Amino acid sequence: MARMSESMTTVETAGDNPTITLRPKPRSAPIDKLGRKLHDLRISVTDRCNFRCKYCMPKEIFGAAYKFMPREMVMSFEEIARAANIFVQLGVRKLRLTGGEPLVRKGVEELVERLTAIRAPNDEPVDIAMTTNGSILDKKAKALAKAGLKRITVHLDAIDDTIFKFMNDVDWPVAKVLAGIEAARAEGMHPIKVNTVIKRSNNVGEILPVVRHFRGTGITPRFIEFMDVGNTNGWSMEEVVPGDEVISIIQKEFPLVRLDPTSAGETAQRWGFADSNGNWDPKLGEVGVICSVTHPFCSQCNRARLSSDGRVYLCLFATTGYDVRMMMRQGASDEEIKAKIESFWSARTDRYSELRSSLTPEIRARRHKIEMSYIGG
Ligand code: SAM
Ligand code: SF4
Ligand code: SF4
């Protein structure tokens, strides 16, 4: 009689001739030292970008002399899909493509197609999403939708064209990004979210124009506090506009009501536009604030990140990552890689944002963090 491995489970099919199939036993997702279960994976597909947002890839650092990752270090689509599948078998149910700018990676829709084919144990659905600067989304939306992408987040820091160009620092017109958002909508993508990073001296005056533009359209703007990611963006607390302040700016024109989170580990605080009775009117939609600095959500953080050179990082502010690309290229099996990720996650204690205010500027400056453009948001 065949011996059954402990990691296998049986599936019997009904009918006159029942058959027994062996399938890998669904594993429960690893839990870290602070009780957080692995659930999301952000995948950076490139460290390159066609924008030079000052808070992410300032031109002075990421100029002509900057050495981006050599091609052979970048994970192939096959390697990314293999890694994503391993994470899904470990309990991940949300995959988000990011960068750098994911749309500048040639043929990224082919990767989307590979990811949409991944199945979780027990056929639980896996969400596939993308975060993009939207610069070429007008050209790419059709192919992405055809490949199976349904959810998209577009980064847009202003409605005013002059401010928008100042923020992206490559003179990219806002109209192109707005056209990209429309193209995504025309392809039936839903939900569409808009990410706006607010820096006090740059675009605090754009909060209301962004809200006015998207209110009632079904598209949700989310305002993100400027973070001290990486080592190059000249972060200071004076430039951070707290989410509470963003909400009070919006409330002066549009009454809002606080909404419950839609899922555990949701990073954005949700606020709905109120009707004349003070109740949320879903037709008017909602806004969000992501208060990573003033209200850190480390205790709920269920995300791992995969860099474009195949390192797994467990925090946006991490200094080291675990190289799964190397394991793959050295011939490791899926089970061996799974075991590594499991033990890496199980030892996780990261909670940088909760500790930030207790760190002196000198300690913060000495910590050599990874760059946002390398790991994605
Ligand atoms: N290029 C794509 C984009 O801009 O959406 C994907 C990568 S980008 C690194 C992901 C997200 O990080 C964007 O929403 C961006 O606005 C956000 N981001 C980058 N630098 C940031 C910073 N210093 N503070 C807060 N958010 C930041
Ligand atoms: Fe590029 Fe996105 Fe960074 Fe802006 S935030 S420089 S679009 S990677
Ligand atoms: Fe997660 Fe690190 Fe951000 Fe905290 S600081 S929410 S642990 S990524």
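The table below gives the values:
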{"read-out": "Tail weight of P(r) past 15 Å, computed on alpha-carbon pairs of region 291-349, percent", "value": "54 percent"}
{"read-out": "Residues whose placed amide H lies under 5 Å from that of ILE198, excluding near-sequence neighbours", "value": "ILE224, PHE226"}
{"read-out": "Accessible area per residue in Å² at 1.4 Å probe, computed on the chain", "value": "47 Å²"}
{"read-out": "Relative intensity, log₁₀ I(q)/I(0), of region 37-375 from a Debye sum that treats every alpha carbon as a point, q = 0.09, 0.14 Å⁻¹", "value": "-0.47, -1.23"}
{"read-out": "Exceeding the 25 Å Cα-Cα cut-off - candidates LYS67/LYS142; LYS67/LYS193; LYS146/LYS176", "value": "LYS67/LYS142; LYS67/LYS193"}
{"read-out": "P(r) of region 232-312 over all Cα-Cα pairs, binned every 5 Å from zero, in whole percent", "value": "3, 12, 18, 17, 17, 15, 9, 5, 3, 1, 0"}
{"read-out": "Sorted largest first, extent of region 178-314 alpha carbons per principal axis (Å)", "value": "48, 38, 32"}
{"read-out": "Quotient of C-alpha Rg and 2.2 N^0.38 Å, computed over region 163-211", "value": "1.28"}
{"read-out": "Where no second cysteine Cβ lies under 4.7 Å, the cysteines concerned in the chain", "value": "CYS49, CYS291, CYS298, CYS301, CYS315"}
{"read-out": "Cα-based radius of gyration of region 49-136 once divided by 2.2 N^0.38 Å, which approximates compact folds", "value": "1.27"}
{"read-out": "Size of charge dipole - the chain - debye, nearest 20, with Cβ of Lys, Arg +1 and Asp, Glu -1, no other charges", "value": "520 debye"}
{"read-out": "Under the Karplus curve 6.51 cos²θ - 1.76 cosθ + 1.60, θ = phi - 60°, whole-Hz ³J(HN,Hα) for region 197-206, x wherever Gly or Pro sits", "value": "8, 9, 10, 3, 7, 10, 9, 4, x, 9"}
{"read-out": "Beta bridge orientation in the chain: antiparallel %, DSSP, nearest 5", "value": "40 percent"}
{"read-out": "Extension gain, MET73 back to VAL204 (0.36 nm per residue minus Cα-Cα distance, nm)", "value": "43.3 nm"}
{"read-out": "Carbon/sulfur fraction of accessible area - the chain, other protein chains in place, 1.4 Å, %", "value": "53 percent"}
{"read-out": "37 °C / 0.692 mPa s Stokes-Einstein diffusion coefficient of region 96-234, Kirkwood radius on C-alpha pairs, µm²/s", "value": "207 µm²/s"}
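The values are calculated or read from the model by the stated rules, or taken from the named source; none is laboratory data. Quantities reported herein were computed from a predicted structural model and do not represent experimental measurements. Neighbour counts are summed over all protein chains in view; Cβ atoms, including those assigned to glycine, are modelled from backbone coordinates with ideal geometry. In case anyone asks, the SASA skips ligands and DNA or RNA and just uses the protein heavy atoms, side chains included. Shrake-Rupley method; radii C 1.70, N 1.55, O 1.52, S 1.80 Å.
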